[in-house]
Amino acid sequence: MLSVRAYTTAMIRWLIVVFLALLLINGLTPWLQRLGFGRLPGDFRFRLFGRECFIPLTTTVLLSLLAGVISKVI
């Protein structure tokens, strides 16, 4: 069983990885949109209470599959 310190260290590492991944995706969003990501069937855009909401389901699945293939190859 993991000690509290080891568990905390593992959680902090995962938080850092998720934060860096979100920063990377945010930075690459304009480039990915030029390639067609974000406008695929299954990517939802709608207005709710005057705010535009965007749920990129298909784009998320495709990018996850691409990351999985890259991790298996490397």
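Every read-out reported here was derived from the displayed coordinates using simple, explicitly stated rules and does not represent laboratory data. What you are looking at is a predicted structure, and each value in this text was computed from that prediction instead of being measured. For neighbour counting, all protein chains shown are included, and Cβ atoms are generated from backbone atoms with ideal geometry for every residue, glycine included.
General observations
- For the chain, the 222 nm mean residue ellipticity estimated from helices alone, with every DSSP H stretch of n ≥ 4 adding -39500 (n - 2.57) and the total spread over all residues, rounds to -23000 deg cm²/dmol.
- From the Kirkwood radius over Cα pairs of the chain, Stokes-Einstein at 4 °C and 1.567 mPa s returns a whole-number translational diffusion coefficient of 87 µm²/s.
- Contact order normalised by residue count of the chain, Cα under 8 Å, 6+ apart, percent: 17 percent
- Sequentially through segment 17-24, phi angles give Karplus couplings (6.51, -1.76, 1.60; θ = phi - 60°) of 4, 5, 4, 5, 5, 5, 5, 5 Hz, Gly and Pro residues having no value and appearing as x.
- Loop sites in the chain: chymotrypsin sites (Phe, Trp or Tyr not before Pro), DSSP, at most 12 other Cβ within 10 Å: 49
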